[in-house]
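The values are calculated or read from the model by the stated rules, or taken from the named source; none is laboratory data. Bear in mind that the values here come from a model prediction, so they are computed numbers and not experimental data. Here Cβ is always computed from backbone atoms with ideal geometry, including for glycine, and neighbour counts include all displayed protein chains.
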Amino acid sequence: MEIDFAKIEKEWQDRWEKAKTFNVNENSKKEKYYILEMFPYPSASGLHMGHALNYTIGDVMARFKRMSGFEVLYPMGFDSLGLPAENAAIKVGEHPKPFTEKAIENYTRQMKELGISYDWTKTLATMHSEYYKWNQYFFLKFLKAGLIYRKKAPVNWCPSCNTVISNEQAQGGICERCDSKIEIRHLEEWYLRTTKYADELLKGLEGLDWPDKIKAMQRNWIGKSHGVEIDFEVNNDTWSIFTTRPDTIFGVTFMVVSAQHENLMDLVTDEQKKEVEKFLKSVGSVSEKEIAELEKKGVFTGSYAINPANGKKIPVYAGNFVVADYGSGMIMAVPAHDQRDFEFAKKYGIEIRQVISGKLTKTRAWIGEGELINSCASGDAAREGHFDGLENVEAKKKIGNWLIKKKLGRNVVNYKLRDWGFSRQRYWGTPIPIIHCEKCGLVPVPEKDLPVVLPENVKFGKGNPLTTNEKWIKVKCPKCGGAGKRETETMDTFFDSSWYFLRYVDNKNNKKPFDKNKIKKWLPVDQYIGGAEHACMHLIYARFFTKALRDLKFLDFDEPFKALFNQGMLHGPDGEKMSKSKGNIVNPDEVSKKYGMDSARYFLLSLAAPDKPRDWSEKGIKGSLRFVKKIFSIFENVMFGKSSDDFVSKLNSMVKDVTEFYKSFQYRKATIKLKELFDLLIKQKEVSKEDLGISLKLLSPICPHIAEELWEKLGNKDFISVSEWPKINKLKVENKGKGTDLNLKIIEDVKYVLGKVENGNVVYLYVMPFELGKVDVGKIGKAVGKKVEIFAVNDSGKFDPEGKAKKAKPGKAGIYLG
RNA sequence: GAGGGAAUGCCGGAGUGGUCAAACGGGAUAGGUUUAGGACCUAUUGGCUUAUGCCUACGGGGGUUCGAAUCCUCCUUCCCUCACCA
């Protein structure tokens, strides 16, 4: 049988579109359900099968919820600004704008062909000034609220992208976008005060229905740690350093200040100046190497610090392994009990002073627990400063308190999370609405002048293209009317994606970023779906925005995404991550032509649980195609009539299971059940139209086109996609399995054993404790003509010489003849 | 170093206290159909053996329980994320 899937699919896609089947009804009385997939950056190469998997996972949920009686908001848009588009466009010699528009068009077409049930009236693209105008609007609001500030800071500079990039995007010293090595430069940049919400971002995780892994990653990223800030005296100045290990303070034998520390030179003596400068140069070159392989290096600054615990004079080094902007950029080094300090001390011949009992070796510091030794402050009459003999865990507190009491320290909380530097020296982004005026300094563009539209006429090549349009740059200062210059930096695209989910609900509003009532109705997002790679960037920024906008009275909820689901990655047929360079990309257009999208959807979901990775295989999809064809053949050959009781009972239990599976993203199990269901259906002599309809409904979230086609063949006039989800008929489910009676089974078994064993006048039965009441001893005794005694299997006083109780199973008794 | 996850048959993977030699699929083998291929259908796919039977098996050891793939504990291996954060 040849089935023209392409034709069927196209037909139903057209009919859905014409009937606006999936457009959300904003006035609906039904309970709302907002489901969202992370919007893609529209690349020129179009969708691949991995996208198809991602969107299918969301689509199945959207369709299931729709049929289950929810008013579903399921929009899609495009994260269309950003470096990749700019670079790709430059590469082919095109302007990013038409280039990206084309890509969006192509994506939209492909998404429609996948059969995804988006409401396209809600779409948006961040490249349109109607959208990024509100980026600028929020920028001004944040600026006013003190959430945005400027700071000169060492930044990650990517020489290839010609821009500053965030720590998150520069992990491992490699540019995330282009894999180039990062340089350190000191520039004045725009920062968003994400750290203001560090604690709330951490606490808010608790109530979220997110994968534990993602929550753990965020917790890690925020990196809250409790410790003590201790004052060290260096050259009559006070340097406060952060430590989580005050218990080791008596073991501090040197200090290390970060090579990037802004006040480093204050510490350097004239004699050491040359050495330090030489060292700093070498750090610059070394930092280009893979960070993980960096050797701990340092140089003596010439200065000494005083250890506040014992008054000892200890040298201060500058080191390449100390993070400049964590804590205070200087550390106390305890070589005996920290491996890094240990290696450093060995290298430069610094004293290693053990203060916790334990085994130090030639190559390893002792990092375990132990009793304190050598930890007494001298000349302390009250012996308050004597800590020898204490367990170090206890000593942490005691020494901390001692230092605090002596006003040499204080308890502090530290976060790894940094403020987010979000300005970029690139063209294809939202212009930062600031005007530089010689007289007035930095002047925000007045709200009424928004949007600051990104000029199209620029030259690409070296540096920031925006600097090449003089006409655009030259403006009057809004404050004094004098000559001003526009800010030529643009916003990181993560700014765009930090609030797009709010815009969908009111995407055409040109007065406000969104209407408060609409937000109230639809937000927060009930189910968010996307890859785990966004755990520490997009997902933190979006949460930050939500909290910031809440405090600015734009929103009245705390968390944007109630539930999050991470889909597994689709690998190529070779088991490798799909990528153009490996040539293992599977193109949905071709798959659709060859097998039909419904087969592909079914196949993708049947491969593995949706959160697990899976490999594409040509063989595998053929199996799914067989299944889909089988469904058609059933509907060609079936006899309409009355379903058998057995089938009805099984169908009902399947409705129950499949419903559960859809609810909880267990799509793979749903595909298994569906296979069982249709295998069962093919064996039926006669089935009612109603039951066939129910079967199709169960199938329709995964194979929507086929379900519609066959639903119509059954004589239905409406769309199955928005029909009511089948209800379970409980009576009929429980009908199942009624036939086997425990007593009859026991009688049968006893008779069998009697036939094998000669001796024995008493039948001893052993059953599950919960079955004890169900067994009719009299009836069994009568049937087998013996005396019967019964025990629960866990009865310790039972008579069971041969351990036959072990044979018992639910529904089956253990038998001993004695 | 910190955190997260996993280990089941030839393979992908169900199974989270009993009805499990383990769903479903793939692969393999045999048979049917077919001019052949493909497709489709049927059966088999741990071992002994043919018994309403036994043994072996869910990474390894130990434990809880009448009973463990499932719970606890230790170990091993693998994957992922973060990581010079003091």
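Looking at the structure I just gave you, is A:Val638 crowded, with 16+ Cβ neighbours inside 10 Å, more than 13 Å from RNA strand B (Cβ to nearest atom) and of a type in the set (A, V, I, L, M)? The answer is yes for A:Val638.
Could you check how many residues of region A:662-673 are within 9 Å of RNA strand B (Cβ to nearest atom) and assigned to a helix (DSSP H, G or I)?
5
Restricting A:Thr121, A:Thr126 to those that are among the hydroxyl-bearing types (Ser, Thr, Tyr) and touching a Leu at 6+ places or on another chain (Cβ under 6 Å) reduces the list to A:Thr126. A Cβ distance below 8 Å, combined with a sequence gap of six or more or placement on separate chains, defines the contacts here; from region A:214-227, residues that are more than 8 Å from RNA strand B (Cβ to nearest atom) and among the β-branched types (Val, Ile, Thr) reach residues that are at pLDDT below 85 and not in a loop (DSSP other than H, G, I, E, B) in the pairs A:Ile214/A:Ala532. Candidates in region A:194-213 are the residues that are assigned to a helix (DSSP H, G or I) and within 9 Å of RNA strand B (Cβ to nearest atom); of these, the one that is farthest from A:Gly329 (Cα to Cα) is A:Asp212. In region A:414-435, the residues that are on the phi < 0 side of the Ramachandran plot reach residues that are within 15 Å of RNA strand B (Cβ to nearest atom) and among the acidic types (Asp, Glu) with C-beta atoms within less than 7 angstrom, at least six apart or across chains, in these pairs: A:Arg418/A:Asp325. Here is the figure for region A:2-43: residues that are in a loop (DSSP other than H, G, I, E, B), in contact with a Phe, Trp or Tyr (Cβ under 7 Å, 6 or more places away or on another chain) and of a type outside the set (Ser, Thr, Tyr) total 7.
Scanning region A:331-347 for residues that are more than 8 Å from RNA strand B (Cβ to nearest atom) and part of a strand (DSSP E or B) yields a count of 0.
Can you tell me which residues in region A:399-411 are in a helix (DSSP H, G or I) and either among the polar types (S, T, N, Q) or free of Cβ contacts under 8 Å to residues at least 60 places away in the same chain (or both)?
A:Asn401, A:Trp402, A:Lys405
Looking across region A:674-698, just one residue is free of Cβ contacts under 8 Å to residues at least 24 places away in the same chain and of a type in the set (Lys, Arg), and that is A:Lys683.
Scanning region A:579-633 for residues that are closer than 30 Å to A:Lys213 by Cα, among the aromatic types (Phe, Trp, Tyr) and near RNA strand B (Cβ under 10 Å from one of its atoms) yields a single hit, A:Phe603.
All of (1) more than 13 Å from RNA strand B (Cβ to nearest atom); (2) assigned to a loop (DSSP other than H, G, I, E, B); (3) in contact (Cβ under 8 Å) with a residue 60 or more places away in the chain hold for A:Val393 with one exception: (2). Among the residues of region A:545-573, those identified as assigned to a helix (DSSP H, G or I) and either free of Cβ contacts under 8 Å to residues at least 24 places away in the same chain or touching a Pro at 6+ places or on another chain (Cβ under 6 Å) (or both) are A:Thr546, A:Arg550. Restricting attention to region A:676-700 and to residues that are more than 12 Å from RNA strand B (Cβ to nearest atom) and not in a helix (DSSP H, G or I), the residue that is modelled with the highest pLDDT turns out to be A:Ser700.
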